[in-house]
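**Q** Sharing a structure, written as structure tokens. Questions coming.
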Amino acid sequence: MKKKILVIEDNPMVVKSLEFKLLKEGYDVAIAMDGRSAMQQLEATNFDLILTDLMLPFISGSQLIEHIKKNHPNIPIIVLSTATQEDIITDAFNMGVDDFITKPFSPNELALRVKRSIGSFKNQLSHK
Amino acid sequence: MVSPIYLKMNLASDIHELPPILEINLVLTIVFFVFTLLLISLILYLRVHKNIANRRKEKLDLLLIDFINNYLFNEEFNKVKEMAVFKKRQLKTSLDKRVAISQILVFAENLKGESSAVIQEIFLGLGLYHFLISDLKKNAWFKKAKALFVFYQLNIKIPMSLVEPSINSSRNELRQQAFLYLLHSSTENPLGFLDKINTPLTLWEQIYIKNALKSYKGNTPDFSRWIDHKFPSVAIFCMKMIADYDQFEHIPLLLKLLNHENPEIRQQAILSLRDMEISETLEVLLEVLIDNFPNENIVLKQEILKTIGKIGLEKHLQAVAPFINKEDGILKVELQRLDRYFNPKSSKIENTNYTNNLQSDTINMSHGT
């Protein structure tokens, strides 16, 4: 069964590229262009991974991560952001994100990290 | 039936029969009416034209995103054939080409690694290189500036003969883009353009160059090369960079500049040396600053006081205190602040003009109340 990934990103070009690359890698991809739509999709569907930007309309990425960690603690999160400041990256890891990718990003590297995060999540579940 | 020519003649003869003032009024009314109609038509035309262009842009943006993604990630995509078809069908006008360039820049901004080379390939394959080269040969400064911006963003080399004339353009924006192109495309001498400039560096240019240097992948330039530049703005910029990049080997040069004839250069020498905080040269620095203090202007005196506060001792403050006049309010405040800093419990500066002046001020104030 295909793994489901929720991509939360407001830049149409990045959304399309991520969708294209992840579909090619064999995942099911759902798109949310803002935090509000992401929250609705999270209530309706079970995802295997979340790929999110930090700067989003309506609800910021940080608020969204807090919400996901509270309500769906088992879903791994990868942050994809332009932020390169150490404190922002540290804050994201402190909130419990699994990985942090800075833009510009390499699509191949991203695909590898997605695979690794989903793999480690599967391992964690099988150990439990 | 009455012919229109007859009516026209009749109308013309009727107007001529009117009193002159009414005739002028009528003619002006007709002229303004026609002018208003033309103006409204022009506004409507521009509006419709803009809407059509926006719709075309939106449509082309989607096509481009799809095309570029296929080119980047779809292994079954026939790149050569699809490139030729896309170029022929979609990039017909100058607007189409500009939209394509903007979209390619968005991709270049967000993707790196193996994708960067493919994005360059798409740019060249769509014939956009020649389109921008022709822009660089035109007179419009904004087209040249945009072209240079695109070339350095995509890391594409172009003939130097097309860039060098822009180094001394009368437009700041174009000059700035030329500097950034030269900096990004250089492998050994990113600031070589400073030897060719005929106008001072603006503050914005300095900020952009400083930011561009942060992402420069080659060796950091030796900033002392331009420390004696004919433009003080270039020398000042290089002195800032010497401190930012910790080029400690140039401290003797900076110390010499403390006695430069230009007060702006002296000021930057103080700032750079203060930021570098090298213990071996602190005493020499403070000695020169204290010697120069009586003859400096108020801005430089302030900087000297700040330097004493940051790297000096109380004895240095006492050495300059007698040279602060009663009228120099800012300096008096700075002196008092430093005095408190060195002696948190009580002021120790004694037998100076400053304390005498301060005391007399206090007496006057108490008399006044």
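Please treat every number below as a calculation from the coordinates, not as lab data. Only a predicted model underlies this, so the values are computations on that prediction, with no experimental measurement involved. In this analysis, Cβ positions are derived from the backbone assuming ideal geometry, glycine residues included, and neighbour counts consider all displayed protein chains.
**Q** If you take each beta carbon of peptide A:10-20 and count the beta carbons of other chains within 10 angstrom, what is the mean?
**A** For this peptide, the per-residue mean of nearby foreign Cβ atoms is 5.
**Q** A follow-up question, please. Divide by every residue of chain A the summed helix terms, -39500 (n - 2.57) for each DSSP H run of at least 4, and state the resulting mean residue ellipticity at 222 nm, rounded to the nearest 500 deg cm²/dmol.
**A** Numbers: 5 runs with 64 residues, N = 128.
After summing the helix terms and dividing by residue count, I get -16000 deg cm²/dmol.
**Q** Using 0.36 nm times the number of residues separating B:E76 and B:L28, minus their current alpha carbon distance, what extension gain do you get?
**A** 10.3 nm
**Q** For chain B, what relative contact order do you get, as a whole percent, if you take Cα pairs closer than 8 Å and at least 6 residues apart?
**A** Reported relative contact order: 7 percent.
**Q** Below 23 Å, Cα to Cα, which lysines can B:K310 reach? Residues fewer than 8 away in the same chain don't count.
**A** Result set, ordered by chain and number: B:K240, B:K256, B:K301, B:K332, B:K345, B:K348.
**Q** Please order B:R56, A:R113 by the number of other Cβ within 10 Å, starting at the fewest.
**A** Fewest-to-most ranking of B:R56, A:R113: B:R56, A:R113.
**Q** Pick from B:T36, B:T93, B:T307 the residue whose mean-square fluctuation is largest in a GNM of chain B, springs joining Cα atoms under 10 Å.
**A** B:T36
**Q** So what is the 222 nm mean residue ellipticity for chain B from helices alone, if each DSSP H run of at least 4 adds -39500 (n - 2.57) and you divide by all residues, rounding to the nearest 500 deg cm²/dmol?
**A** On the way: 18 runs with 259 residues, N = 369.
Result for chain B: -23000 deg cm²/dmol, rounded to the nearest 500.
**Q** If packing is taken as the average number of other Cβ atoms within 10 Å across a peptide's residues, how do B:177-185, A:73-81, B:130-138 rank, most packed first?
**A** B:177-185, A:73-81, B:130-138
**Q** Greater than 18 Å separation of Cα atoms is the criterion. Which listed pairs, A:K16/B:K112; A:K21/B:K97; B:K87/B:K138; B:K112/B:K217; B:K79/B:K146, meet it?
**A** Violating the 18 Å limit, Cα to Cα: A:K21/B:K97; B:K87/B:K138; B:K79/B:K146.
**Q** Rounded if a/c is under 1.5, else prolate if a/b beats b/c, else oblate: with a ≥ b ≥ c from the C-alpha gyration tensor eigenvalues square-rooted, which is the protein assembly as shown?
**A** oblate
**Q** Please get the size of the charge dipole for the protein assembly as shown, origin at its Cα centre, with Cβ charges of +1 on Lys and Arg and -1 on Asp and Glu, quoted in debye to the nearest 20.
**A** With only Lys, Arg, Asp and Glu charged at Cβ, the dipole is about 1960 debye.
**Q** In addition: Percent relative contact order of segment A:4-127, based on C-alpha pairs within less than 8 angstrom and at least six residues apart?
**A** 22 percent
**Q** Now for a different question. Take B:V106, B:V80 and order them by how many other Cβ atoms sit within 10 Å, fewest up front.
**A** B:V80, B:V106
**Q** Something else: For segment A:2-68 and segment B:301-341, compute the distance between their C-alpha centroids and round to whole Å.
**A** Each part's Cα centre sits 58 Å from the other's.
**Q** Considering every residue in B:62-73, what mean count of other chain Cβ atoms within 10 Å of its Cβ is obtained?
**A** Across the residues of B:62-73, the mean count of other-chain Cβ atoms within 10 Å is 3.
**Q** Give me the distance between the Cα centres of segment B:137-191 and segment A:74-89, rounded to whole Å.
**A** 35 Å
**Q** Okay, moving on. How would you classify chain B from its alpha-carbon gyration tensor, with a ≥ b ≥ c the square roots of the eigenvalues: rounded for a/c under 1.5, else prolate if a/b is greater than b/c, otherwise oblate?
**A** Because a/c hits 1.5 or more and a/b fails to exceed b/c, chain B counts as oblate.
**Q** Under 1.5 on a/c is rounded, so check that first for chain A, then, if it is not, pick prolate when a/b is larger than b/c and oblate when it is not; a ≥ b ≥ c are the square roots of the alpha carbon gyration tensor eigenvalues. Each step should come with its number before you reach the end.
**A** Working: a/c = 1.19, a/b = 1.09, b/c = 1.09.
Rounded.
**Q** Rounded to whole Å, give me the distance from the Cα center of segment B:196-234 to that of segment B:53-71.
**A** 39 Å
**Q** Average partner chain C-beta neighbours within 10 Å, per residue of B:110-122?
**A** The mean count of partner-chain Cβ atoms within 10 Å per residue comes to 4.
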